[in-house]
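Reading through the structure tokens given below for one structure.
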Amino acid sequence: MHPALSVIFFTVTSGAGFGFLAMIGLGVPLPESGIGAFVACLIAGGLAVAGLISSTFHLGHPERAWRAFSQWRSSWLSREGVLAVFTLLVFALYAFGWVFYGVRSSALGILLFLGSVATVFATAMIYAQLKTVPSWNNTLTPVCYLLFALASGVLLAGSFGFWKEVGSISIALVALVAVGAAWVCKLLWWNSVANDTLAARGSSPDTATGLGFIGKVRLLEKPHSGENYLTKEMVHQVGRKHANKLRMISLFLGAIIPLALCLIVLVTSAPNHLLALAFVSLLAGLFVERWLFFAEAKHAVSLYY
Amino acid sequence: MTSLPTETTGKKLGLVIDLDTCVGCHACVVNCKEWNTGGYGAPLSDLDAYGADPVGSWLNRIHTFEVTPEDAPAQIVHFPKSCLHCDDAPCVTVCPTGASYKRGEDGIVLVDEDMCIGCGLCAWACPYGAREMDPVENVMKKCTLCVDRIYNDNLPEEDRVPACVRTCPAEARHFGDLGDPNSDVSKLVAERGGMDLMPEQGTKPVNKYLPPRPKTAAAVEPKETKTKKLDSKGFLGWLDKTLEKL
Ligand code: SF4
Ligand code: SF4
Ligand code: SF4
């Protein structure tokens with residue numbers, strides 16, 4: 001699949017934003033009110049909104065984007081839109097009370113948490129629902145999206161220095177486990193999709209043309225000598241060449257560095273603010289990971305080309 | 001509403017495409033574009049049409065495959081592909097706006113272009129590559145089954161079939177109601193063993209493909225051919241000799 005920058009930016013950034021919003025909703029210790037609370041709200045809301053705005057750059061008619069709220073009964077993309085806007089509205093109320101009055105409503109907080117998790121889940125389901133792309137059509141796809149969002153949220157929330165521990169477990173350890181769990185899930189996903197190909201699902205040029213009963217089917221001539229929307233959008237091949245190197249880069253930026261930083265905070269007296277650096281590195285790693293998510297995905301239509 | 005229709009008439013309009021007779025002339029491709037660029041919805045645009053790198057939106061494309069049996073020489077199969085108007089159309093249910101829909105009355109899958117936001121998700125959901133984004137209008141284009149011809153009382157009756165069907169010189173495309181077991185197309189499908197493309201995708205396509213008929217086995221070596229000596233007697237012989245001399 002063609003890795004469109006707007007969509008990569010959307011999934012990574014809004015994932016991080018809603019992950020942070022989920023932490024806020026849980027009521028984890030953060031600046032009590034005023035400017036500190038405002039900064040936290042700005043980062044969480046900013047990331048979520050920036051992601052959503054970026055996703056509209058992918059549209060042919062962004063001015064009609066409001067229409068996407070109508071089909072939530074059947075469409076995951078529509079559900080994602082509805083949930084995102086609902087969650088951001090809840091957050092607007094929550095942030096108002098918090099920044100100006102130092103009140104963090106737990107009722108709104110629960111809604112905020114549930115809305116954020118549901119939004120990230122819906123984002124992942126846009127991809128996971130597609131049978132045409134076997135690697136996306138995997139139960140681990142939404143799990144990865146959720147765990148990466150939560151890991152981003154924990155790192156961001158922890159970096160303010162107010163949230164020091166969960167029970168008696170230090171926040172650096174919690175972050176370490178969160179980041180680690182997300183990448184373990186991703187490794188499992190990589191492992192699972194390596195064998196879950198179109199061929200493994202019984203699709204081949206033979207079934208695509210129905211001609212397999214005669215013999216081996218091979219494309220002789222494309223419909224037109226040039227490219228078309230389908231080949232550009234769904235038969236993208238550039239990314240696969242460097243896939244292994246890019247996986248290493250994403251693991252280094254997204255896993256090794258953030259985990260090392262968490263460890264430093266855990267065992268030394270380094271301030272929790274260092275987790276912000278871990279977050280930035282995770283985000284960079286996730287951009288590469290998400291690029292691969294698209295570039296490596298093979299669509300059924302490639303069987304015709 | 002992008003849920004699939006719950007109330008249907010049982011009518012399933014669609015195409016039956018004969019892979020045995022298609023000669024790969026692309027006439028249906030051209031006539032499809034010709035009709036649909038002036039018909040339903042926005043024109044079907046092309047970019048750089050006369051340049052080095054032309055691209056454009058088409059509702060119907062012909063692929064050409066080579067099929068090699070184990071014990072015989074390869075054969076060429078031309079393969080027309082347009083929307084299959086699937087019963088369980090995944091392109092419809094993913095659409096966030098309601099622009100994509102399947103009609104209950106005849107099963108045709110259409111896009112309401114004024115509602116389409118051009119997100120492209122429906123094209124991702126279709127396993128067959130039957131949907132293309134128009135590069136100028138940025139709305140999703142797909143085969144309409146020539147809905148503006150088949151019910152059009154202003155056209156002479158013989159023209160009330162899809163443009164591709166009307167134009168095919170090999171009669172490789174047939175149009176009709178595949179929901180009616182007694183229709184001509186249904187009988188054709190039964191007779192010739194019409195098949196679904198990628199049935200494993202669970203889309204339940206309405207359009208069917210008729211497989212190529214078995215080839216007569218080719219002779220292993222070409223037979224010796226004898227050239228007949230010209231009969232040089234009589235009037236024709238005289239004419240032949242005279243003309244030779246000229
Ligand atoms: S062929 Fe593709 S576009 Fe047409 S109905 Fe089936 S899934 Fe939808
Ligand atoms: S491109 Fe248009 S028709 Fe297709 S899913 Fe998006 S809004 Fe619906
Ligand atoms: S039915 Fe009409 S729109 Fe569909 S492929 Fe044929 S000519 Fe094109």
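The values are calculated or read from the model by the stated rules, or taken from the named source; none is laboratory data. The structure presented is a predicted model; accordingly, all values stated were derived computationally and were not measured. A quick note on method: Cβ atoms are made from the backbone with ideal geometry, for glycine too, and the neighbour counts reach across all protein chains shown. Ligands, DNA and RNA are stripped out before the accessible areas are found, and what is left, the full protein with its side chains, is counted by its heavy atoms. Shrake-Rupley method; radii C 1.70, N 1.55, O 1.52, S 1.80 Å.
Within region B:57-90, being open to solvent by 10 Å² or more (accessible area, probe 1.4 Å) and either on the phi > 0 side of the Ramachandran plot or within 11 Å of ligand 2 (Cβ to nearest atom) (or both) holds for one residue alone: B:90.
Here is a yes/no grid of residues against (1) among the polar types (S, T, N, Q); (2) under 17 Å from residue A:61 (Cβ atoms); (3) within 12 Å of ligand 1 (Cβ to nearest atom):
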site	(1), (2), (3)
B:45	yes, yes, no
B:70	no, no, no
B:81	no, no, yes
B:97	yes, yes, no
B:107	no, no, yes
B:121	no, yes, yes
B:130	no, no, yes
B:133	no, yes, no
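Listed by position, the helices (runs of 4 or more DSSP H) contained in region A:234-305 that have at least 1 residues being touching a Cys at 6+ places or on another chain (Cβ under 9 Å) are A:274-295.
Just to be sure, is residue B:213 open to solvent by 40 Å² or more (accessible area, probe 1.4 Å) and within 14 Å of another protein chain (Cβ to nearest Cβ)? For residue B:213, the condition - open to solvent by 40 Å² or more (accessible area, probe 1.4 Å) and within 14 Å of another protein chain (Cβ to nearest Cβ) - is met.
Would you tally the residues in region B:106-132 being more than 10 Å from ligand 2 (Cβ to nearest atom) and among the basic types (Lys, Arg)? Total meeting the criteria: 0. In the set A:112, A:140, A:130, only one residue is over 20 Å from residue A:21 (Cβ atoms) and open to solvent by less than 10 Å² (accessible area, probe 1.4 Å); that residue is A:130. The numbered conditions (1) away from ligand 3 (no atom under 16 Å from the Cβ); (2) touching a residue at least 12 places away in the same chain (Cβ under 8 Å); (3) among the hydrophobic types (A, V, I, L, M, F, W, C) are all true for residue B:35 except (1). I'd like to check something: does region B:140-163 contain any residue that is in a helix (DSSP H, G or I) and within 14 Å of chain A (Cβ to nearest Cβ)? Within region B:140-163, none of the residues are in a helix (DSSP H, G or I) and within 14 Å of chain A (Cβ to nearest Cβ). Answer yes or no: is there a residue in region A:78-88 that is more than 14 Å from every other protein chain (Cβ to nearest Cβ) and either surrounded by 24 or more Cβ atoms within 10 Å (Cβ to Cβ) or within 15 Å of the chain's Cα centre (by Cα) (or both). Yes, that holds for at least one residue.
Every residue, every condition in (1) under 30 Å from residue A:235 (Cα atoms); (2) open to solvent by less than 30 Å² (accessible area, probe 1.4 Å), yes or no:
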| site | (1), (2) |
| --- | --- |
| B:94 | yes, yes |
| B:119 | yes, yes |
| B:126 | yes, yes |
| B:166 | no, no |
| B:187 | no, no |
| B:196 | yes, no |
| B:209 | yes, yes |
